[in-house]
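A short write-up of the structure that comes next.
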Amino acid sequence: MLTRIISAVIGIAIAITVLFLHKTIVFPIAVAAVIGIMLFELIRAVKLEKCIPILVSAEICGISLPLIYHQWYGTLLNEKDWYNGFIDAHNIITFCITLLCAFVIFVTWLNKHKEIKYSQIFFVLACMIFVPQAMSTIVLIEEQTDKSSVFFIVMGLCGAWIADSGAYFTGVALGKHKLCPEISPKKTVEGFVGGIVFTAVFFVTAFFVYNRFITKNPLELSAMRYILVAVVGAVCAVIGTVGDLSASMVKRQIGFKDYGKIMPGHGGLMDRFDSVLFVLPTFYVLLKLIGFIDFSW
């Protein structure tokens, strides 16, 4: 227990530091570092971490994305003339990097086709595309929400982690019916429902407190928008559970207990961010639909 607490305190301290520097290059570099570690843990899970061409290609593809997003959505959003002229540049750069990295991976596979299975290759390809795209959403949230960016970033992460905590305590108190016993024996239907309700209430409370007492630039929050905020919290809780169960299913089939040991007592970053991978993109899209982020960029 002490090990878990120490790891959590160190993790929180690092997170606060990164958030404090969210308007600097430190933020996308930190996101890139998290992506790099998560990709390494996933590649190690399919026993390809010693295949340097595949590992390096996947890592380059992953860590480049948040830096590209920061450059094009940050710099160019502040320079409208340039932004309007080069709106698709980041898409072209991202596509070229991804294509080149995939090409190297396929060439390596052809050269080592007797040692490497197709399932390993396509797992790596899926991870090197999905993980960076999902995690880099946090850079888009930071770049496009101006003075409330830190609040929205924290809420995006809370959409995953608060649901898990709510589900845990509800499950301990009321849990009787197993949700997915073969994948995650401790999860219950009651905990799942409790996590949804807890997250919805938390979102409404957090938005109310932030809007009323903290920010000097209040959000436009009508009664209907508070209802929508509750819906956002509930949806994030559901999506986060799907992400958590998906990552657990992969570990079950591979035979892993944890993806890594970078956080003693907690496992690897994939163990901490599995639900975040699903929640962040969902949260970002819902912010756009509600109108907290303008579609016109």
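The values are calculated or read from the model by the stated rules, or taken from the named source; none is laboratory data. As the structure is a prediction and not an experimental result, all values here were calculated from the model. Neighbour counts are summed over all protein chains in view; Cβ atoms, including those assigned to glycine, are modelled from backbone coordinates with ideal geometry.
One table, with the values for the structure above:
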| quantity | calculated |
| --- | --- |
| Number of positions in the range 117-173 that are under 18 Å from Met270 (Cα atoms) and in a loop (DSSP other than H, G, I, E, B) | 1 |
| Residue within the range 174-182 that is in the same structural domain as Met249 (by TED's automatic domain parsing), assigned to a helix (DSSP H, G or I) and not basic (Lys, Arg) present | yes |
| Residue match in the range 112-131 (condition: within 19 Å of Cys236 (Cα to Cα) and crowded, with 22+ Cβ neighbours inside 10 Å) | yes |
| Failed item, numbered, when Lys261 is tested on (1) within 22 Å of the chain's Cα centre (by Cα); (2) surrounded by 13 or more Cβ atoms within 10 Å (Cβ to Cβ); (3) at pLDDT below 85 | (2) |
| Residue list for the range 93-116, restricted to those being outside any helix (DSSP H, G or I) and free of Cβ contacts under 8 Å to residues at least 12 places away in the same chain | His113, Lys114, Glu115 |
| Qualifying positions in the range 20-73 - under 16 Å from the mean Cα position of the chain (by Cα), surrounded by fewer than 18 Cβ atoms within 10 Å (Cβ to Cβ) and more than 20 Å from Ser275 (Cα to Cα) | Ile29, Leu67 |
| Qualifying residue in the range 182-200 (condition: in contact (Cβ under 8 Å) with a residue 60 or more places away in the chain, more than 30 Å from Thr145 (Cβ to Cβ), surrounded by 13 or more Cβ atoms within 10 Å (Cβ to Cβ) and not aromatic (Phe, Trp, Tyr)) | yes |
| Residues of the range 221-230 that turn out to be without any contact (Cβ under 8 Å) to a residue 40 or more places away in the chain and either buried (at least 16 other Cβ atoms within 10 Å of the Cβ) or of a type outside the set (A, V, I, L, M) (or both), as a count | 4 |
| Test set (1) free of Cβ contacts under 8 Å to residues at least 12 places away in the same chain; (2) under 17 Å from Ala45 (Cβ atoms) - Gln120 fails condition number | (1) |
